[in-house]
Amino acid sequence: MSEVLDSYPQWVDGAWVTIRLTLLGGALALVLALAFGLAGTSRHAAVRALNRVYVEFFRGNATLVLLYWFFYALPLIGLRFATLFAAVLALGLNIGAYGAEVVRGSINAVPKAQHEAAIALNFTPFQRMRRVLLPQAFALMLPPFGNLLIELMKGTAIVSLVGLVDLTRVSKNVQGSTGETVAAFTVALVLYFVIAQVLQLLVRYAERRVDRMLGRGLPARPALDTAGVAGG
Amino acid sequence: MPPIEQPVEPLVNASKDAPVRRDGAPPGIRFEKVVKRFGEHTVLRELDFDVAPGERVTLIGPSGSGKTTILRLLMTLESPDGGLIWIGDRTLWHMERKGERVPANQKHLHEMRKQVGMVFQQFNLFPNMNVLRNLTEGPVRVLGLSRDEAEDRARDLLDLVGLADKITAHPSRLSGGQQQRVAIARALAMRPQVLLLDEVTSALDPELVVGVQDLLRDIARQNDLTILCVTHEMRFARDISDRVLMFDAGRIVEEGPPEQIFGEPSEQRTRDFLQAVLAT
Amino acid sequence: MTWDWQYTGDVLPDLLHGLRYTLIATTLGYALALVLGLVWTLLRRTPYAAVNHTVRWITEFVRSTPLIPQLYFVFFVLPAFGLTIGSLTAGVLTLGVHYSTYTAEVYRAGIADVPKGQWEACTALNLPRSRAWLDVILPQAVRRVIPTLGNYLIAMFKDSPLLLAVNVVEVLNAAYQVGSRSLRFLEPITMVGLLFVVVSVISSILVRRLERRYATH
């Protein structure tokens, strides 16, 4: 065990790669989720179709298959990515597709009466979305977003298979160099668990702040399923 | 331009700092063979009626008779399937383009909505804003007022509805009656000329009803507004309106001053309806 | 480099061979997840706080850590205790245990969703507790959770490529191996990607149908 802990600089570096991938992937996923989720609430069928294609394709695919595709297949037709970039792209595109469904569902879950009150005050369609619907939908999005962030963090472990030295890769390296199989993998799992707990605390804190901002007069939270992104 | 009558009598009594004072009379309203269907069900069949500028009209009738639909058409929350709706000298759902009458675009609707305000049965305050923001968001974003101006206006209106002390409160901390007062102030903050009141006291606890009704009665008397009101409360209808229209199955069955409709209705259906309402 | 249809046809048998292992791992792992999830749920309903808390933390731990290090743990650590297992077995075990923490949540929510009045009606009818569970509560709970369980089956299918981390030759690994022999990865990996999209889209349509069929509202 002590040998495993002696290699703590490696663990710190690995954890930092995992955290950085989580944050970068999360940022990309958030942008994609908002863009395509809003597209899914559009009045124009063509824009809604854009949402369907994105969601079905990237939610339907396995993140690892996407990563292999970016890493092994696309360079052969001249598209070459840095490994880190390919990983962020694969994770962000995949989780973003789940997020887009959350955004669309949350906006649709804001009571229709709110939309009507915004029309009665003569808000433009953009103002209705920006000032009334999105702020209320945001409260509904946060809990499922929290789950997705944990799934994304777990998903980052796939980068160890294409050569990035994240927590998982470090555990494998440490196991190889020290022969301490049990300790190496246990330390990795515990570190992942700690990161997940910290992320969960941050999300809970954000939820409480938004709840306070909206008072108690909120519509009941719809059951927005994040089923189907488990694992990683 | 349709021949809409001039106001029967000039509405006076607008005190100097009344919140909704403007120059000129508010517009009248005209429905011309208006049709509205929901799927198979036809709610309005070629409905015709006029509301004079500054007139205050109450719509009564059994539920499903199309009263609320009329308000929702005027607020552009529903679109008609036929006919014309006039507000003043312009059609709400149609505009002129190269001498032709074509369906309205968003810009035209935005322009027309400037004249109209609505108070809802369920208040529909924005839960993501406090009371002050509820009252200033529209004036700032839509009317382009400065925040200071909008806040001054909001304070005056909250004084008027008796909630000056709730200015920073969150809507969820208010009673139903208080929420509805804020919603009334919010509608007035946009300075509408036509005010639509959709069963504004139906969702309130009985002891709060009278306060809100008296507030609206005073607002109606002190301001130059064209008012369309849907209500089941006969006392309120009598207080607030010049004329009552009795609806059934999308048509007007009977109309007249409140005293006549409530006192000596001529139609059997009106008598039946009033009896049913009074029985509850 | 352009798409080569001839080559695409040539790699197909390899991919189908890999797909067999994907399907085996998914099916067996899912069966394990369904059963083990129920065990977690029932253990959490025992009156012993110690059992309840232990199970809660174990499932929380497994659910919030990634599959790949879990796979390593099962594959490399168990032999240290004298339990040597094949890579496919390790994959099935890990997938099953990992997803059992999700199915446990699904069962728990399903049971909690059965209205309290149903329990009270059972008491009023003087039904024994076992009858109440078997005839009244579980049938209603299962109905409610079938679509969600379907979603987790799809999710597990999409996680099965991770088994290549312990050298299971499932479909992605098969594509990778055939690609590295010829140094042409575009066709096999694209094919695998399309396979996943097609299967996921079809199965989510099926799940939506289940949702409509078992909708309780």
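The values are calculated or read from the model by the stated rules, or taken from the named source; none is laboratory data. Fair warning: this is a prediction, and the values are worked out from it, not measured in the lab. Every residue, glycine as well, gets a Cβ built from its backbone with ideal geometry; the counts of neighbours run over all protein chains shown. Ligands, DNA and RNA are stripped out before the accessible areas are found, and what is left, the full protein with its side chains, is counted by its heavy atoms. Shrake-Rupley method; radii C 1.70, N 1.55, O 1.52, S 1.80 Å.
Of note:
- The residues of segment B:112-136 include none that are assigned to a loop (DSSP other than H, G, I, E, B), among the basic types (Lys, Arg) and more than 9 Å from chain A (Cβ to nearest Cβ).
- Evaluation of residue A:5 against (1) over 30 Å from residue A:197 (Cα atoms); (2) open to solvent by 60 Å² or more (accessible area, probe 1.4 Å); (3) not polar (S, T, N, Q) (one fails), failing number: (1)
- All of (1) within 12 Å of chain C (Cβ to nearest Cβ); (2) polar (S, T, N, Q); (3) farther than 27 Å from residue A:186 by Cα hold for residue A:41 with one exception: (1).
- In segment C:168-203, of all residues being buried (at least 19 other Cβ atoms within 10 Å of the Cβ) and among the polar types (S, T, N, Q), the one that is farthest from the chain's Cα centre (by Cα) corresponds to C:173.
- Check on residue C:155, open to solvent by less than 20 Å² (accessible area, probe 1.4 Å) and modelled with pLDDT of 90 or more: yes
- For segment C:6-17, the criterion of being polar (S, T, N, Q) and within 18 Å of the chain's Cα centre (by Cα) is met by none of the residues.
- Within segment B:152-178, considering residues that are closer than 11 Å to residue B:134 by Cα and not hydrophobic (A, V, I, L, M, F, W, C), the one least open to solvent (accessible area, probe 1.4 Å): B:171
- When C:27, C:101 are checked against the criterion of being within 11 Å of chain A (Cβ to nearest Cβ), within 30 Å of residue A:169 (Cα to Cα), among the hydroxyl-bearing types (Ser, Thr, Tyr) and under 13 Å from the mean Cα position of the chain (by Cα), a single residue qualifies: C:101.
- Restricting attention to segment B:190-223, the residues that are over 22 Å from residue B:29 (Cβ atoms) and either open to solvent by less than 10 Å² (accessible area, probe 1.4 Å) or part of a loop (DSSP other than H, G, I, E, B) (or both) total 7.
- Test: residue in segment B:259-268 that is open to solvent by less than 70 Å² (accessible area, probe 1.4 Å), small (Gly, Ala, Ser) and farther than 24 Å from residue B:116 by Cα: yes
- Residues of segment C:52-65 that turn out to be in contact with a helix residue (DSSP H, G or I) (Cβ under 6 Å, 6 or more places away or on another chain) and either exposed (fewer than 14 other Cβ atoms within 10 Å of the Cβ) or in a helix (DSSP H, G or I) (or both), as a count: 6
- Residue within segment A:105-126 that is among the polar types (S, T, N, Q), closer than 17 Å to residue B:125 by Cβ, in a helix (DSSP H, G or I) and open to solvent by 20 Å² or more (accessible area, probe 1.4 Å) present: no
- Flag for residue A:94 being part of a helix (DSSP H, G or I) and open to solvent by less than 20 Å² (accessible area, probe 1.4 Å): yes
- Only listed residue being crowded, with 17+ Cβ neighbours inside 10 Å, without any contact (Cβ under 8 Å) to a residue 12 or more places away in the chain and of a type outside the set (D, E, K, R), chosen from B:134, B:124, B:128: B:128
- Residue within segment A:98-105 that is touching a residue at least 40 places away in the same chain (Cβ under 8 Å), within 13 Å of another protein chain (Cβ to nearest Cβ) and within 20 Å of the chain's Cα centre (by Cα) present: yes
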